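The values are calculated or read from the model by the stated rules, or taken from the named source; none is laboratory data. Everything numeric here is computed off the predicted structure, so don't read it as measured data. FYI the Cβ positions are ideal-geometry reconstructions off the backbone, even for glycines, and counts take in every protein chain you see.
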Amino acid sequence: MCGKWRLVLTGIGNPEPQYARTRHNVGLYMLELLRKRLSLQNKAYSPVPHTGGKVHYIEGENCTLLKSGGQYMNLSGEQVCKVWARYAKYQARHVVIHDELSVACGKVQLRAASASIRGHNGLRSLVQCSGGRVPFARLAVGIGRDPGSNSRDPASVSRWVLGTLTPQEQHTLVTESEPAAWRALAQYIS
């Protein structure tokens with residue numbers, strides 16, 4: 001999938017294993033699904049030096065997977081941007097994989113670097129810390145809003161995003177979202 005330049009896929013989420021398989025960690029979940037597609041499943045993640053174990057990476061031939069799950073997503077920008085600086089010498093194309101409330105569960109949207117962050121605090125942290133110097137596309141993986149509550153109430157939103165993915169949601173991510181994400185990335189780099 002990768003070409004002459006380096007594709008840097010960054011999944012953002014909250015600390016694992018505590019928040020593993022929650023809706024807010026869908027970016028990390030999708031990164032793992034794509035890791036298999038990229039034939040990197042036999043490579044282990046290594047901690048990136050100077051990030052206090054908060055960012056881990058896998059290097060492929062022309063692809064890098066960054067996993068930011070060692071700190072809360074809303075604070076991930078500082079450590080991730082330190083790592084992104086290492087790729088400035090390459091013609092790196094950055095894509096951040098994240099959860100998206102405003103997109104139905106299982107739907108995927110690849111959005112340009114100039115697109116709105118839609119109130120996503122993890123993306124806000126990355127934009128602020130990069131100072132706009134590292135443009136990154138956004139691969140939004142839909143988690144939808146809780147159909148049984150006031151979907152705009154902050155407490156309701158927090159309960160929803162920190163809730164565990166249901167078996168049906170996990171199935172949808174594997175069978176629908178991952179193939180859609182793969183197609184979107186293939187189109188992005190072509």
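Residue-by-condition table, conditions (1) more than 14 Å from the chain's Cα centre (by Cα); (2) within 21 Å of residue 113 (Cα to Cα):
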position	(1), (2)
128	yes, yes
134	yes, yes
138	no, yes
142	no, yes
159	yes, no
167	yes, no
171	yes, no
183	yes, yes
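In the condition set (1) touching a Pro at 6+ places or on another chain (Cβ under 9 Å); (2) surrounded by fewer than 14 Cβ atoms within 10 Å (Cβ to Cβ), residue 113 is compliant with all but (2).
Of all the criteria given as (1) over 15 Å from residue 10 (Cα atoms); (2) surrounded by fewer than 17 Cβ atoms within 10 Å (Cβ to Cβ); (3) modelled with pLDDT under 95, the one not satisfied by residue 135 is (1). Scanning the range 110-143 for residues that are among the aliphatic types (A, V, I, L, M) and part of a helix (DSSP H, G or I) yields 123, 126, 127. Looking only at the range 2-40, residues that are in contact with a helix residue (DSSP H, G or I) (Cβ under 6 Å, 6 or more places away or on another chain), in a loop (DSSP other than H, G, I, E, B) and closer than 16 Å to residue 181 by Cβ come to 1 in all. Within this structure, residue 65 passes the test of being buried (at least 21 other Cβ atoms within 10 Å of the Cβ), in contact with a strand residue (DSSP E or B) (Cβ under 7 Å, 6 or more places away or on another chain) and not basic (Lys, Arg). Filtering the range 106-119 to residues that are at pLDDT below 95 and either under 19 Å from residue 185 (Cα atoms) or not basic (Lys, Arg) (or both) leaves 106, 112, 113, 114, 115, 116, 117, 119. Scanning the range 165-187 for residues that are more than 13 Å from residue 107 (Cα to Cα) and either surrounded by 15 or more Cβ atoms within 10 Å (Cβ to Cβ) or β-branched (Val, Ile, Thr) (or both) yields 165, 166, 185. Looking at the range 73-93, is at least one residue of a type outside the set (Ser, Thr, Tyr), buried (at least 19 other Cβ atoms within 10 Å of the Cβ), in a strand (DSSP E or B) and in contact (Cβ under 8 Å) with a residue 12 or more places away in the chain? Yes: the range 73-93 contains one or more residues that are of a type outside the set (Ser, Thr, Tyr), buried (at least 19 other Cβ atoms within 10 Å of the Cβ), in a strand (DSSP E or B) and in contact (Cβ under 8 Å) with a residue 12 or more places away in the chain.
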